[in-house]
Structure formats: structure tokens, C-alpha cells
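The values are calculated or read from the model by the stated rules, or taken from the named source; none is laboratory data. From a predicted model like this one, the values you see are computed outputs, not experimental measurements. All Cβ positions, glycine included, derive from the backbone under ideal geometry; neighbour counts span all protein chains shown. What goes into the accessible areas is simple: the full protein's heavy atoms, side chains included, and nothing from ligands, DNA or RNA. Shrake-Rupley method; radii C 1.70, N 1.55, O 1.52, S 1.80 Å.
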Amino acid sequence: MNFIIDWLSFYLIEQPEEEDGIKQVRMTRYLGHDEYQCSELRDFLDGEFARIAKRKVEMNPKTEGTPTKLGQFVVEPGHPLDSNPNYALLNRLLAAETPGESKEPCQELVQSYLRTSQVRGGVLIVVRTRLELLDERYVFILKCDFEQKTAVITDEKSLISNVRMAINAKNMKSLMYPYMIESGMNDPYHVKIHQFSHARYFEEFLRFIEYPQTVTQLVSDEVISLARQHIEYTYPEESEERVREEEAIELIAASPKRELAEKWEHETVMEAMHIITDRQPEVELKFKLDHMQIRTLLADYGSNLHIAKVNGRYLVVLEGEQLQFERGVSPVEFAKPKSLAEVVKEIEERSSHYAKPMVSMPSAVDDTPPWD
């Protein structure tokens, strides 16, 4: 995958020593194809465009901290895509054939970047490229922050010299438009952004691009929606029980940590699980049993993972054909497994000494889920 550079705009953004100082562009350079070929930037960026294009990205990331994301242009209902200011700006950059034609949209982009909160000093680079052979056009926006306390070896007398404005491509932030699904297939509705940083300012400077929910957020919303349907089905009329259940669901939705609610029968949970895993097969299931952590797939529930209760104590049964251990030999590796009946009997005998009284849950009239 080889990209031909048509033009490149280089901006040196100066960060004042005062934290609230206004950031400004200290130096600007516009390079055409031939000038870029002879510049030091060619060695600095060599191979970066192909790496950015090949970087894998999910439509819905697994976590909020995923460095590579797909952004989608925000469009109001009834309005065309080109009504989005960010889409229009990126397409003006895409259409610019020469460095001179790129100056105005590049300046507009840089000013938008400088107005973003938490912007750091560094180098901002805007490039229009073409994919060799296919002649597909792409815009890359690259940002390199200054390295802190960088030094180089100089000579025997001074030993080292401090480099005040050093940059490298290792942690470079990038935006690519349009999103390349694969070579020769583009998606003009999305941009691909890469920012390996806790500060999300590189996502924020194009304000009319939104980033999709994580898989965790999608699943949480789906579960809460199914729970509300279940309440409406179980309590069709307004009642105190329905109000209590709705309040409990709201509390669950807002709580970062939750205990087992013990509200749904196994069959109801299985049906809800299948609805989710049919759409998102790789959804994870993570929970803690006292100090022990369990991490598996949601699809394993009911087949390879089972939850039971013995004398008021929870029992998690993991089912499989092979047990493997990591480095660090323990005596457990030599154990002859007991039968499940023996284990349950031991738990019953041991827990009978400190079993807590069971609190009976109100039984629903009909536990059949509304989505059945």
C-alpha cells in the first residue's frame, strides 16, 4: 500500500509557559509533491500513512479507552450530509489540488484545533494523498506533541544537549478521511481517528463528529431496555410494586457496582442473553465472587458457566474439558477432582453453621418475558 503525497501543510504550534496562555502558530510551511520528496519530513513520515490505513478499528469499541475509533458525521434529520461543517471542510481539503488551494481550508482547520481545550504544543500536519494505482484521494491530519526533557549526545565536553522541541511518530495522533474499509473501498460517512492518550482533545476539535458507544454501553442499554419491558409486562397496571421495580432498575442503571438482583428465572435470563449475543457474539461477562474474579463470554452462561445457591451462599460452576495452569506450580495441579455432588454436600455442611435467613422475593404473576 503506497501513498503519493500531493501536498502537505506543516504547522508548529507554540505552547506558552503559562498554563492559560493563548497557543499560537509559530511557523507554517506548505509543500508540494516535489518539495515533500526532497524534505526531511519524507523520512519522518515514511510508512506512517500505510500504518494508519491498515490499523484495525471496530465500529463499536470494546472500551472507552480504545485508541482507534470510527467517528461519524452528525447530521440533523432532513438535512444532507454536506450540511455538516466538518464533512464540508474535509471535502474541501480532499478537493484541493495544490498547496495554494489548500491554504484556506487548512487555516480554518488549524484555528478550529487551537480553540479546543487542553491543546498541547507540537506539530500539526495536514496531508492530501493518493493511493497509488487506484488514484483514491485521502486526507490525513497528524499531530505530534513535544517530547518532555529530551536530550541528545553531543560531544565529550558537554556530553548532552537539551532538545526543546523534539517530536517523534511513535505516539502520533492521526485522523484519516475517508475511512478505508479495504483497498479500493471507502466509507465517506466515517473518519478513522487514533489517539493513544487519556486526554480526548484530538477527538474534540472537529465538533460535529460523534463517536459510537462502546460494546459495554450498548449491552447495558439493551439489558435495561429488556428489564423495563419485563416490568411493563409483569405489572401492566400502575402499582406500588411496579414503581419499586422501576426505581430499582434506575438504581441499577446508574450504579457502577451491583450485586446479584435475583429477579429473573433462568429461562428469562437465557432468552435475554440470546437476544444480546445474536447481535454481539463477543460480549464479555465479568463479575467477582468475594475476592475471586471471573471473566468469560456472556454466551457461556447456561452452557459453560452456571450460578447456583447453596444455603444462602453463591456457587459458580465453570464447565469445560481441559484445565490449564500458568507458570508457577501449585499443589492444586495434582488434585483429583471430586464429584459435583460431593462438593455441594460439603458446602451444605459447612455453610449450615453460618447460613443467613433467606429473604423471599415476591413472585410475579407470569415470568414470561415480553420479548418472547
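Could you please report the charge total around residue 288, scoring K, R as +1 and D, E as -1 over all other residues with beta-carbon less than 15 angstrom from its beta-carbon?
Details: positive: 257, 258, 286, 295, 313; negative: 259, 284, 290.
The answer is +2.
For the peptides 255-261, 284-290, 302-308, 84-90, what is the packing order when you average, over each peptide's residues, the other Cβ atoms within 10 Å and list the highest mean first? Walk me through the numbers on the way to the answer.
Values: 255-261: 8.4, 284-290: 12.1, 302-308: 13.9, 84-90: 19.0.
The most tightly packed comes first, giving 84-90, 302-308, 284-290, 255-261.
Heavy-atom accessible area per residue, the chain, 1.4 Å probe: how many Å²? Don't skip to the answer; put the middle values down first.
Numbers: 24310 Å² over 372 residues.
With all protein chains present, the chain gives 65 Å² per residue.
Take peptides 227-234, 145-152, 242-249 and line them up by average Cβ neighbours within 10 Å, highest first, as a rough protection proxy. If you can, show how the numbers build up before the last one.
Numbers: 227-234: 17.8, 145-152: 12.9, 242-249: 14.8.
Highest mean packing first, the order is 227-234, 242-249, 145-152.
Quick one: Kirkwood hydrodynamic radius for region 28-124, alpha-carbon pairs, angstrom, one decimal?
16.6 Å
Could you compute the net charge surrounding residue 206? Neighbours are other residues with a C-beta less than 13 Å from the C-beta of residue 206; K and R count +1, D and E count -1. Mind dumping the intermediate values first?
Values: positive: 69, 115, 143, 173, 192, 200, 207; negative: 108, 203, 204, 210.
My count for the surroundings of residue 206 gives +3.
Against the longest alpha carbon principal axis of the chain, how many degrees, from 0 to 90 and to the nearest 10, is the axis of helix 85-95 turned?
So the helix axis and the longest Cα principal axis differ by about 50 degrees.
Shape verdict for the chain, please, from the Cα gyration tensor: rounded (a/c under 1.5), prolate (a/b greater than b/c) or oblate. Don't jump to the answer; show the numbers that get you there.
Working: a/c = 2.63, a/b = 1.91, b/c = 1.38.
Verdict is prolate for the chain.
Express the relative contact order of region 251-356 as a whole percentage, based on alpha carbon pairs under 8 Å and six or more residues apart in sequence. Provide the component values of the computation, followed by the final result.
Values: 68 pairs, mean separation 18.3, N = 106.
Once normalised by length, the contact order is 17 percent.
Report in % the part of the accessible area of the chain that belongs to carbon and sulfur, leaving out ligands and nucleic acids; probe 1.4 Å.
Values: 12370 of 24310 Å².
Of the solvent-accessible surface of the chain, carbon and sulfur hold 51 percent.
So, with +1 on the Cβ of K and R and -1 on the Cβ of D and E, and no other charges, what is the size of the charge dipole of region 264-311 about its Cα centre, to the nearest 20 debye?
Values: 5 positive and 8 negative charges, 49 e Å.
Computed charge dipole of region 264-311: roughly 240 debye.
Anything over 29 Å Cα to Cα? Flag those among 263/288; 62/103; 149/192; 54/143, in the order listed.
Working: 263/288 19 Å; 62/103 38 Å; 149/192 31 Å; 54/143 18 Å.
Too far apart for the 29 Å limit: 62/103; 149/192.
Tally Lys/Arg at +1 and Asp/Glu at -1 over every other residue whose Cβ is under 12 Å from the Cβ of residue 40; what's the total?
Working: positive: 29, 42; negative: 35, 43, 46.
Net local charge, residue 40 excluded: -1.
Lys/Arg Cβ at +1, Asp/Glu Cβ at -1, dipole of the chain taken about the Cα centre: which of 165, 331, 227 is farthest positive-ward?
In the chain, that residue is 165.
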